[in-house]
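*Asks:* First the structure, which I've put down as structure tokens, then a few questions once you've had a look.
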Amino acid sequence: MPIYDIFSKRQKRLRGDIPDIYTYDSIPNGLRVQIVHIWNATLGNRDQYFDGDVKLAYESIVEILCEEYGVFKLPRADEYERNFISELSNFFLHESDIEKSIDAIELSFKIITTYTRKYDYLRRHNGSKLADNAISDLNTRFKEHGVGYQFVEKEIIRTDSELLHVEAVKPALRLLNQKSYQGAQEEFLSAYEHYRHGKNKEALNDCLKAFESTMKAICDKKNWPYQATATAKPLIKVCFDNGLIPPFWESHFSSLRSTLESGIPTGRNKMAGHGQGATPVAVPDHLVAYMLHMTASTLVFLTTAEGTLP
């Protein structure tokens, strides 16, 4: 469904009332209602509930959530007559746990991007377009409300910097969305998932894994030999030795080499990869955000450079 630039929005922009700092610990009620509207327009509404496709889609979402939460019904479900549209909507509109709310959003949009594209879903001829529009609308609504999440490549990821997200994270996920980079993509998404749940040390470890897996994938594609147990530093050397960065540009990329050799690996080694002693080492959120974006930028560079080689 289209998003309209109504009068009140324009006035807010003129007054400077647009949020410029993302929040991560709450979902405004207005955003929740807008997401339910997207569900109704894409998954189907109450009038369409008894169509087999619509009921099955909502039932799948609800049953997965129930199983994962260890309950038979979601909170606020009707005690006598179960309707999965009502059960999901009532749960989502009233749930105070931000992570469970995000669960419902992520799972529902996975269903949208997977099932509603099918030609026979509600006998629509434009299912793919409707699914794409639903995802675009969701991400736009997140931005309008200053809520720092986006749905990208079937995952909800945290967006700390809009510029870095657009210029680094989204291109990285798009470039890694190839069979040869599947492992690296899973590790990079896992890093974001750990970050979203406050598991900062695990996020740093997965950044490094994604970095190493990307270099190994490039070496495999180009038949460049490397030790199976190679870690970041020797893999970087293999990539440089084989011209991933052309020799006549190498002097211009000395800072990149330094970043690749010391930035990501050292950040992981010093704060997440080794014993922390008697006093636990806290890894601050801003450092993890920086490392995530550094990793994303590096993966974009490596995979793009690989595509230029013969």
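*Asks:* Please specify each residue of the stretch 180-233 satisfying the condition of being over 20 Å from Leu292 (Cα atoms) and within 22 Å of the chain's Cα centre (by Cα). Working first, answer last.
*Replies:* At the first step, the residues of the stretch 180-233 found to be over 20 Å from Leu292 (Cα atoms) are 180, 218-230.
Of everything in the stretch 180-233, just one residue is over 20 Å from Leu292 (Cα atoms) and within 22 Å of the chain's Cα centre (by Cα), namely Ser180.
*Asks:* Among residues belonging to the stretch 153-172 that are open to solvent by less than 40 Å² (accessible area, probe 1.4 Å) and either part of a loop (DSSP other than H, G, I, E, B) or at pLDDT 85 or above (or both), point out the one that is nearest to Ile111 (Cα to Cα).
*Replies:* Ile156
*Asks:* Among the residues of the stretch 117-137, is there at least one that is buried (at least 17 other Cβ atoms within 10 Å of the Cβ), part of a helix (DSSP H, G or I) and touching a strand residue (DSSP E or B) at 6+ places or on another chain (Cβ under 6 Å)?
*Replies:* yes
Let's see how each residue does on (1) open to solvent by 10 Å² or more (accessible area, probe 1.4 Å); (2) not in a helix (DSSP H, G or I):
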position	(1), (2)
Glu59	yes, no
Val71	yes, yes
Pro75	yes, yes
Ile85	no, no
Leu88	no, no
Phe91	no, no
Glu99	yes, no
Ile111	yes, no
Thr114	yes, no
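*Asks:* Could we say that Leu175 is modelled with pLDDT under 85, open to solvent by 10 Å² or more (accessible area, probe 1.4 Å) and closer than 23 Å to Gly307 by Cβ here?
*Replies:* Yes: the conditions hold for Leu175.
*Asks:* Further question on the same structure: Give me a count of the residues in the stretch 234-251 that are open to solvent by 50 Å² or more (accessible area, probe 1.4 Å) and in contact with a Leu (Cβ under 9 Å, 6 or more places away or on another chain).
*Replies:* 1
*Asks:* Condition check: exposed (fewer than 14 other Cβ atoms within 10 Å of the Cβ) and either more than 13 Å from Val36 (Cα to Cα) or touching a Leu at 6+ places or on another chain (Cβ under 9 Å) (or both). Does Glu95 satisfy that?
*Replies:* So Glu95 does not fit the description; no.
The values are calculated or read from the model by the stated rules, or taken from the named source; none is laboratory data. Source: prediction; values computed, not measured. Quick reminder, even Gly has a Cβ in these numbers, built from the backbone with ideal geometry, and neighbours come from all protein chains shown. Just so you know, the surface numbers come from the protein's heavy atoms only, side chains and all, with ligands and any DNA or RNA stripped out. Shrake-Rupley method; radii C 1.70, N 1.55, O 1.52, S 1.80 Å.
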